[in-house]
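The values are calculated or read from the model by the stated rules, or taken from the named source; none is laboratory data. In this text the structure is predicted, and so the values were computed from the model without any measurement. Counting neighbours? That spans all protein chains shown, and the Cβs are built from the backbone with ideal geometry, glycine included. Quick note on the areas: whole protein, heavy atoms, side chains included, nothing else; ligands and nucleic acids left out. Shrake-Rupley method; radii C 1.70, N 1.55, O 1.52, S 1.80 Å.
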Number of protein chains: 2
Amino acid sequence: MTEHSTAALDVALAYHRAWTSHDFDRAMTYIAEDIVCQAPAGRLDGADAFRGFMGPFAQILTRSSLIAAFGDDAKAVLMYDIDTIPVQDAPGAECLTVRDGKIEHMRIIFDRLPFDAARRAAASGQPAGDE
Amino acid sequence: MTEHSTAALDVALAYHRAWTSHDFDRAMTYIAEDIVCQAPAGRLDGADAFRGFMGPFAQILTRSSLIAAFGDDAKAVLMYDIDTIPVQDAPGAECLTVRDGKIEHMRIIFDRLPFDAARRAAASGQPAGDE
């Protein structure tokens, strides 16, 4: 994949490489204390709330690969494919805004439906199927 | 929003503007006959299958705004926020590969969960709630 180095993209990729290599403490060094994260389930305010959301998610990651990474001085977009313990082939996209080397805003898009199906299946004791 | 014109991005944005302005026939002029589209529900092969998926989706669109748009000569990434008739605030991201002015590959990411909830609510006659 071609990467186009810019200030925001460098930070976004450093964050991405850290959390996808299970070094979440290092990933958090790129997160601003007052980050605002818009995730599928709603808005998260501040680094503690962000860690509470992304930390457990990083723990269930089993594989990742970048699909695309672009950015300019202030903003970067990453798209990636990941496998997780409950769901295989769970791509995500992030738009990250960077200020002074820290990510101050992140918009995350991914499909919650297969995670919801896996959760329901686990609760019922049945394997998840396509709906 | 800053836009960085490139060959692939120009085509991606022309496609985006067409479908978000409800001119789906024009949007299809940017789609290669042999497009491969990886959507949340699975892979779609060819322009007819693509139209069958995206055409009805375009019809339920009520508002759209671009969050980010980047690209190079061959690849572009768009992130956008949209409202639809069944679901408000339904952001999506696309990674598009362009060849000879046509989109030959598209990866689309969006959260199907609120659409599934709206569908279930409509089927049951009850308003959709957060799950």
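Where in the range A:1-73 are there helices (runs of 4 or more DSSP H), lying wholly inside it, with at least 2 residues that are modelled with pLDDT under 95?
On the way: elements: A:7-20, A:24-28, A:47-59.
In the range A:1-73, the matching helices (runs of 4 or more DSSP H) lie at A:47-59.
Which residue out of A:THR29, A:THR84, A:THR62, A:THR20 is within 13 Å of the chain's Cα centre (by Cα), hydroxyl-bearing (Ser, Thr, Tyr) and farther than 25 Å from B:PRO114 by Cα? Explain how you work it out, then say what you get.
Numbers: A:THR29 fails: within 13 Å of the chain's Cα centre (by Cα); A:THR84 fails: farther than 25 Å from B:PRO114 by Cα; A:THR62 fails: within 13 Å of the chain's Cα centre (by Cα).
From the options A:THR29, A:THR84, A:THR62, A:THR20, the qualifying one is A:THR20.
Could you figure out which of (1) surrounded by 17 or more Cβ atoms within 10 Å (Cβ to Cβ); (2) within 13 Å of chain A (Cβ to nearest Cβ); (3) among the polar types (S, T, N, Q) isn't true of B:SER65?
The failed condition is (1).
Within the range B:73-91, can one find any residue that is touching a Lys or Arg at 6+ places or on another chain (Cβ under 7 Å) and of a type in the set (D, E, K, R)?
yes
Name the single residue that is nearest to A:VAL77 (Cα to Cα) among those in the range B:75-131 being polar (S, T, N, Q) and outside any strand (DSSP E or B).
Checked the range B:75-131; the qualifying residue nearest to A:VAL77 (Cα to Cα) is B:GLN88.
Which residue is least open to solvent (accessible area, probe 1.4 Å), if the candidates are limited to the range B:100-131 and must be basic (Lys, Arg) and modelled with pLDDT under 95? Walk me through how you get there before you give the answer.
Step one: list which residues in the range B:100-131 are basic (Lys, Arg), which gives B:102, B:107, B:112, B:119-120.
Imposing the further condition that a residue be modelled with pLDDT under 95 reduces the set to B:119-120.
Details: B:ARG119: 140, B:ARG120: 91 Å².
It comes out as B:ARG120.
Answer yes or no as to whether A:VAL77 is at the interface with chain B (Cβ under 10 Å from one of its Cβ atoms), open to solvent by less than 20 Å² (accessible area, probe 1.4 Å) and among the aliphatic types (A, V, I, L, M).
Numbers: at the interface with chain B (Cβ under 10 Å from one of its Cβ atoms): yes; open to solvent by less than 20 Å² (accessible area, probe 1.4 Å): yes; among the aliphatic types (A, V, I, L, M): yes.
Criteria met by A:VAL77.
Hey, could you check the range B:1-59 for residues that are of a type in the set (Ser, Thr, Tyr) and open to solvent by less than 60 Å² (accessible area, probe 1.4 Å) and say which is nearest to the other protein chains (Cβ to nearest Cβ)?
Going residue by residue through the range B:1-59, those that are of a type in the set (Ser, Thr, Tyr) are B:2, B:5-6, B:15, B:20-21, B:29-30.
Then keep just the ones that are open to solvent by less than 60 Å² (accessible area, probe 1.4 Å); that gives B:6, B:15, B:20, B:30.
Working: B:THR6: 10, B:TYR15: 16, B:THR20: 17, B:TYR30: 18 Å.
Filtering first and then ranking leaves B:THR6.
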